[in-house]
Structure formats: structure tokens, C-alpha cells
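Enquirer: Here's a structure for you.
The values are calculated or read from the model by the stated rules, or taken from the named source; none is laboratory data. Keep in mind the model is a prediction, meaning the values are calculated, not measured. Every residue, glycine as well, gets a Cβ built from its backbone with ideal geometry; the counts of neighbours run over all protein chains shown.
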Amino acid sequence: MKLIKPEERFGLNVVLVEPEIPQNTGTIGRLCLATGSTLHLVEPLGFEITDARLKRAGLDYWEHLRVIRHANLEAFLKTLPPNAPKILFSKKAGHTLYEHKIEPGSYLIFGRETFGLPESLIASYPTDTVRIPMYDARVRSLNLSNTVSIAVYEAIRQIGVGSDLRD
């Protein structure tokens, strides 16, 4: 039985556009490492990523995580392979994550905690923009790290590999 690395099977990319809260980014980093996903950080960040800050936050796994930093959103978009599957997340989307087909190698793109993704980006990809359904109108949004977790595990479920990474 050959052990298959999750990054070889799923190829998922989690993209945080201008994240503001370091604890969310740390939690999402741990999720990315656990699932073999690549974490893309689109600057400017609302915090510094330094060795001292990471150690103080208990993020001793960070050195093992695949993190790619991008100077800004335009620079990130230029790095995307042609026809790369993109899924943008916005509470304003017309359809839900569960109605969208997710493929290996997808880029799951999330906006800032306080403002979400830029309207111009959402307008550029209307059929690739989804929302996580919420069933109580009193809740305006979910925490970013919760949203990313839901999306990554739905992607893994749709790709169809289950939890066993052995062939």
C-alpha cells in the first residue's frame, strides 16, 4: 500500500486576500498543513509574520507549511495557471458552495474578515462565486477560519477521496 501525500491528491490552494486577524491565519495555516493545501497570502496583511510572533502563538508547524506570499491581488491573479479552477467566497453570491463542482487544484479565494472580497473581483467571476448557507438571518457572517474549514473539507469530499490517504 503506497502512502499518497494529500497535496498530490487534492492540490487545493487556500487564498487569503489581505487577512487582518493573525489567529485566523494561524488556524487556517494549521488546516492547510493537515490537508496538504497550499496557503497563499495576498498582501497587505493586517499583521506581521515573524518567527518570534509565530513561536509566541504556538505555531511551531509553520516551517512545514507551503506558504506563498503575493504583493497584492493583481500579482496573485497573474500567477494563476490558465483555466485554473477558482472558487470565490462571498455572502452576496447567488449560489452555495454545495451547488458548485470542485476540482483538484482549485483555488479557494477568501476576502478580508471585515470587508470580504473586492466587488470588482466578484463581478469578474460571478459563476465562480459561492456562499456558505446560513439558516438564521440574525447571523451576518461566519468566522473566516470556520468558512475556510467548511470549504476545504467540502472540496475534499467532492474530490472523493475520503479520509484515508492510502492507495
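Enquirer: Tally the residues that are at positive phi and either outside any loop (DSSP other than H, G, I, E, B) or touching a Gly at 6+ places or on another chain (Cβ under 7 Å) (or both), restricting the search to the range 79-123. Spell out the reasoning first.
Expert: Narrowing the range 79-123 to residues at positive phi: 83, 105, 116.
Now drop any that are not either outside any loop (DSSP other than H, G, I, E, B) or touching a Gly at 6+ places or on another chain (Cβ under 7 Å) (or both), which leaves 105, 116.
Total meeting the criteria: 2.
For every residue, the table says whether it meets (1) within 15 Å of ALA84 (Cβ to Cβ); (2) hydroxyl-bearing (Ser, Thr, Tyr); (3) modelled with pLDDT under 95.
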| residue | (1), (2), (3) |
| --- | --- |
| GLY94 | no, no, yes |
| PHE110 | no, no, no |
| SER120 | no, yes, no |
| ASP128 | yes, no, no |
| ARG131 | no, no, no |
| TYR135 | no, yes, yes |
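Enquirer: Does LEU73 satisfy the criteria of being over 21 Å from GLU154 (Cβ atoms) and surrounded by 19 or more Cβ atoms within 10 Å (Cβ to Cβ)? Explain how you work it out, then say what you get.
Expert: Details: over 21 Å from GLU154 (Cβ atoms): yes; surrounded by 19 or more Cβ atoms within 10 Å (Cβ to Cβ): yes.
So LEU73 fits the description; yes.
Enquirer: Considering the range 140-160 alone, what residues qualify as being farther than 23 Å from GLY46 by Cβ, exposed (fewer than 14 other Cβ atoms within 10 Å of the Cβ) and more than 13 Å from the chain's Cα centre (by Cα)? Let's see the steps before the verdict.
Expert: To start, the set of residues in the range 140-160 that are farther than 23 Å from GLY46 by Cβ comprises 153-160.
Retained after the next criterion (residues that are exposed (fewer than 14 other Cβ atoms within 10 Å of the Cβ)): 153, 157, 160.
If the condition is that a residue be farther than 23 Å from GLY46 by Cβ, exposed (fewer than 14 other Cβ atoms within 10 Å of the Cβ) and more than 13 Å from the chain's Cα centre (by Cα), then ARG157, GLY160 are the ones that fit.
Enquirer: Could you run through the range 124-144 and say how many residues are among the hydrophobic types (A, V, I, L, M, F, W, C), outside any loop (DSSP other than H, G, I, E, B) and farther than 21 Å from THR27 by Cα? Full working, then the answer.
Expert: Here is the first cut: in the range 124-144, the ones among the hydrophobic types (A, V, I, L, M, F, W, C) are 130, 132, 134, 137, 139, 142, 144.
When the remaining residues are screened for being outside any loop (DSSP other than H, G, I, E, B), the result is 130, 144.
From what's left, farther than 21 Å from THR27 by Cα: 130.
Number of matching residues: 1.
Enquirer: So, in the range 12-50, exactly how many residues are in contact with a Phe, Trp or Tyr (Cβ under 8 Å, 6 or more places away or on another chain), at pLDDT 95 or above and either surrounded by fewer than 16 Cβ atoms within 10 Å (Cβ to Cβ) or among the charged types (D, E, K, R) (or both)?
Expert: Count: 0.
Enquirer: Would you pick out the residues in the range 51-78 that are modelled with pLDDT under 95 and part of a helix (DSSP H, G or I)?
Expert: ASP51, ALA52, ARG53, LEU54, LYS55, ARG56, TRP62, GLU63, HIS64 - these are the residues of the range 51-78 that are modelled with pLDDT under 95 and part of a helix (DSSP H, G or I).
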